[in-house]
Amino acid sequence: MDRARSWLLRRLLSPWVRFKVRPDEAVSHVRDRDKPVCYVLERRSVTDLAVLQNACVKLKLPRPQKRLLAQAKDLRSFFYLSRPRGFWDERIDRRPPAQLQQMIAALTADPQIDIELVPVAVYWGRAPQKEGSWFRLLLVEDWALTTRARKFLQVLFNGRNTLIEFDEPISLRVLLGDEAGSAVRGRRVTRALRALYAKQRAARIGPDLSHRRTIVNRVLRTRAVRSVVAQEMREKKITRRQGMLKARQYAEEIAANYSHAFIRFMEASLARLWNRLYDGVVFGHVETLEQTAEGNEVVYVPCHRSHMDYLLLSYAIYVHGYAIPHIAAGINLNLPIVGRFLRKGGAFFIRRSFRGNALYTVVFMKYLAAIMARGHSIEYFIEGGRSRTGRLLQPKTGMLSMTVRSFLRERARPIVFIPVYFGYERIVEGTTYIGELSGKPKEKESVFGLIRTLRRMRERFGQVHVNLGEPIKLEELLDRYDPDWRTRVVDDDTRIPWVGAAVDDLASTIMRHINAAAAVTPINLLAVTLLATPRLALPKTELLRQMDLYRELMRCFSYSDRVTVTSMSAAEMLAYGESMKVVFREPHPLGDIVRMSDESAVLATYYRNNVLHLFAMPSLVACAFVSNATVRTDDIQRLAWRIYPYIAAELFLRWSEQELARVVTDVLICLEQQGLIESNADATEWRRPPPTSEKAMQLSLVAQATIQTIERYYLSIAILVKAGSGQITQVALEERCQLTAQRMVMLYGLNSPEFFDRTMFEHFIDLLRTRGVVRLSSGGKLEFDDVLMRVAADAQFVLSEQIRHSILQVTNS
């Protein structure tokens, strides 16, 4: 009778259910086995079994309904890991199944045989990119137990979007181990299988997060929170109830209110938004998720370009079949209505500063630890705020430090950081950024500001790229600082001396890995090329030739294998730039001129800066030939050694100073292959092409990518030298540098508001102090000696006489 019902059910499901099998190599994993194969299903479901049977027939795999062992006539090639206690009793029976006990008995009786278990998961409606209606979205897979009525509706409405996931075959004999007694060994096997299913389900649909109130209560019950509340009671003379209410208020302000149903609905809405707003969302290196999502606590650490970042990464992750992360969002985004929706999408809110508020600090740390312990992936922006210049900002290490310390206190699962690069061809906030860099105050986020932004949705914004960088395993980094860290007991009061240095190291590594996953678009290359020209224009043929050169430089001097480059030809890139209204042509009898307007050029600096690091080393070497027809190899190496640390810190370049000599040699060889320079017989000297030649002009344009950065360094040093050693404070120097740079922009028409960005000068002066080039006197003034003069001399070596005179003229006025 059971076989007849099973046969009938399979026939009924076959024309309706459409399934996809993952992973792609699953068929070969199961088919090519020389031992009996037994499928494991997580929960009792005759529907899931029928779909699995149909899939095995179609894929020519061993069928679950066939006899497993010749000596056990009633033992089939499948079993359910858990099942209801009775027809009307929905409670789950988690005891080892009778079929498993029979297999264990068979293996005990005959040591020569083994059985390979193949865990199988059936997800109804987990293909999010195809979910279109509210009803289907409410019926897709989650962690809740499925009733018969719900299963019927799942098959009816989501049956055509079904995912069957086969895991790697597992030897039952290996799982059994050496414990005596079939009952003990059976429990060991079921525990291992349940852990595996939990990891699979968490990776696909997210972990089982209970209601927001449950997590808040767990946070408030921690010893650390109660200890700080007691301290608040003593210091502020408040009652315990008042202290706990304050802690609850903070927890409610922070906590997300994650909703699977809301996420599924928003996927469909965001798909329509991206189709309207962008020409496509390109998700690069998605295989990184396949390699890291299962069994690890994943922390996404993206760069921050736009408010769109929040939505884009979650969308890209979700449509590729993985659980979206909980996202740390600034409290400024907790707007009426909007904040509530963001919470349902997984956002938890964080204040800009924790200073002076011990209770808020401990509540936030314990909330972060709670969601990490429950296995939910996390996302936070390591730069803190959005970059207004297109360069990566200096990392803020607060969230990183809390993540590392939480892991050391409670090591639930290994932590893997995944850096993420966002590459926009046009950014929604572009005009706002230009205004802020020009001195306008930052606009506060508001509902009305959001409504104003919606008006721009009809404009064209090109493609957007979301590239995953090389993962960083926290345990490997900790091993470098303390090989014995696993044996140490860490609690809330433990102070570990090396954690600060480890967090700084981790932050720098993340930033380098973000840049190493850059996406190079046609807009980036047009910006790099035309911003290097004095009048933002080039003849069409020269423009195409220069863009081809940049492509070749990225090929012969590859920055990273995770960098993605547009497949368009130079001519196609030009046509695309015209369609995006980034450039325009001016017809001429001798050949068209391609030009960028002054307004477009200011914003184009943003897109140039996105990829500036990819051309930094070729550009730095090319700078040596701006004012010098012939340069010795030793002088090039010395110049690079002197300037590289500052450019590397600003652009987060991937090479250490120990690797620099080899990198410079590789760059020289690459430039020689492109005909931009040539060496003498023993490669001890290099010379540029004749000044009037086409190659000389190309080399000059390559040099312009970093020449402005070196100008900024020279300007800072010139102002400091003019003031004199021990005569000016750092704050005063930064202010004077910013004002002088503004004056240069006004006098010489530089289309680059970032040139006078004060944070750039602040970081450069900080680095001079860190490297001992300048130092702080007891009176708080900056002191220097001959070391600074040598840095200035090397800067002079690469700057033309005209540029040096212009800078000195402005600083002396």
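The values are calculated or read from the model by the stated rules, or taken from the named source; none is laboratory data. Being a predicted model, the structure only gives us computed values, none of them experimental. Cβ atoms come from the backbone with ideal geometry, glycine included; neighbour counts cover every protein chain shown. Just the protein is used for accessible areas: all its heavy atoms, side chains included, with ligands, DNA and RNA removed. Shrake-Rupley method; radii C 1.70, N 1.55, O 1.52, S 1.80 Å.
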- Test set (1) open to solvent by 50 Å² or more (accessible area, probe 1.4 Å); (2) part of a loop (DSSP other than H, G, I, E, B); (3) not aromatic (Phe, Trp, Tyr) - Glu476 fails condition number: (2)
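What are the residues in segment 409-426 that are at pLDDT 90 or above and of a type in the set (A, V, I, L, M, F, W, C), if any? Step through it out loud before you land on a result.
Filtering segment 409-426 down to residues at pLDDT 90 or above leaves 414-426.
Those that are at pLDDT 90 or above and of a type in the set (A, V, I, L, M, F, W, C): Ile415, Val416, Phe417, Ile418, Val420, Phe422.
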- Message: Scan segment 735-746 and tell me whether some residue there is of a type in the set (Asp, Glu), at negative phi and either touching a residue at least 24 places away in the same chain (Cβ under 8 Å) or touching a Cys at 6+ places or on another chain (Cβ under 9 Å) (or both).
- Response: no
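I'd like to verify a number: residues in segment 563-577 that are part of a helix (DSSP H, G or I) and either surrounded by 14 or more Cβ atoms within 10 Å (Cβ to Cβ) or of a type in the set (Gly, Ala, Ser) (or both), how many? Please lay out each step first, then the result.
Taking segment 563-577 first, the residues part of a helix (DSSP H, G or I) are 570-577.
Now drop any that are not either surrounded by 14 or more Cβ atoms within 10 Å (Cβ to Cβ) or of a type in the set (Gly, Ala, Ser) (or both), which leaves 570-571, 573-577.
Number of matching residues: 7.
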- Any pair with Cβ under 6 angstrom, 6 or more apart, that starts in segment 103-116 at a residue that is over 19 Å from Arg33 (Cα atoms) and ends at one that is of a type in the set (S, T, N, Q): Ile104/Ser182
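Every residue, every condition in (1) open to solvent by less than 30 Å² (accessible area, probe 1.4 Å); (2) of a type in the set (Asp, Glu); (3) touching a residue at least 12 places away in the same chain (Cβ under 8 Å); (4) within 16 Å of Ile472 (Cα to Cα), yes or no:
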{"residue": "Ala370", "(1), (2), (3), (4)": "yes, no, yes, no"}
{"residue": "His376", "(1), (2), (3), (4)": "yes, no, yes, no"}
{"residue": "Ser387", "(1), (2), (3), (4)": "yes, no, yes, no"}
{"residue": "Gln394", "(1), (2), (3), (4)": "no, no, yes, no"}
{"residue": "Val404", "(1), (2), (3), (4)": "yes, no, yes, yes"}
{"residue": "Leu408", "(1), (2), (3), (4)": "yes, no, yes, no"}
{"residue": "Ala412", "(1), (2), (3), (4)": "no, no, yes, no"}
- Message: Can you say whether Val520 is within 26 Å of Val286 (Cβ to Cβ) and of a type outside the set (Gly, Ala, Ser), as far as the supplied structure shows?
- Response: yes
- Note on the structure: Residue set Val301, Val286; condition touching a residue at least 24 places away in the same chain (Cβ under 8 Å), surrounded by fewer than 21 Cβ atoms within 10 Å (Cβ to Cβ) and either hydrophobic (A, V, I, L, M, F, W, C) or in contact with a His (Cβ under 7 Å, 6 or more places away or on another chain) (or both); output residue Val286
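Restricting the search to segment 759-794, which residues are under 22 Å from Gln394 (Cβ atoms) and small (Gly, Ala, Ser)? Write out each step before concluding.
Initial filter on segment 759-794 (under 22 Å from Gln394 (Cβ atoms)): 759-776, 782, 791.
The answer is Gly772, and nothing else.
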- For Met580, the lone unmet condition from (1) more than 27 Å from Ile647 (Cβ to Cβ); (2) buried (at least 16 other Cβ atoms within 10 Å of the Cβ); (3) at pLDDT 95 or above is (3)
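Pick from segment 600-658 the residues that are aliphatic (A, V, I, L, M) and assigned to a loop (DSSP other than H, G, I, E, B): which of them is surrounded by the fewest Cβ atoms within 10 Å (Cβ to Cβ)? Steps first, answer last, please.
Residues of segment 600-658 aliphatic (A, V, I, L, M): 601-604, 611-612, 614, 616-617, 620-622, 624, 626, 629, 631, 636, 639-640, 643, 647-649, 651, 653.
After this cut, where a residue has to be assigned to a loop (DSSP other than H, G, I, E, B) as well, the list is 624, 626, 629, 653.
Details: Ala624: 22, Val626: 18, Ala629: 11, Leu653: 22.
Across segment 600-658, the extreme among qualifying residues is Ala629.
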- Message: So the check is Cβ under 9 Å with 6+ separation or different chains; which pairs have a first residue in segment 339-353 that's open to solvent by less than 20 Å² (accessible area, probe 1.4 Å) and a second one that's at pLDDT 85 or above and among the basic types (Lys, Arg)?
- Response: Phe349/Arg343
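Looking only at segment 664-682, how many residues end up being part of a helix (DSSP H, G or I) and either closer than 30 Å to Glu754 by Cα or open to solvent by less than 30 Å² (accessible area, probe 1.4 Å) (or both)? Break it down stepwise before answering.
Filtering segment 664-682 down to residues part of a helix (DSSP H, G or I) leaves 664-673.
With either closer than 30 Å to Glu754 by Cα or open to solvent by less than 30 Å² (accessible area, probe 1.4 Å) (or both) added as a condition, the list becomes 664, 667-668, 670-671.
The total comes to 5.
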- Return yes when Val594 is in contact with a Lys or Arg (Cβ under 7 Å, 6 or more places away or on another chain), of a type outside the set (Asp, Glu) and not in a helix (DSSP H, G or I) and no when it is not. yes
- Item | Which numbered condition Ala358 misses (of (1) open to solvent by less than 40 Å² (accessible area, probe 1.4 Å); (2) at pLDDT 90 or above; (3) touching a helix residue (DSSP H, G or I) at 6+ places or on another chain (Cβ under 6 Å)) | (1)
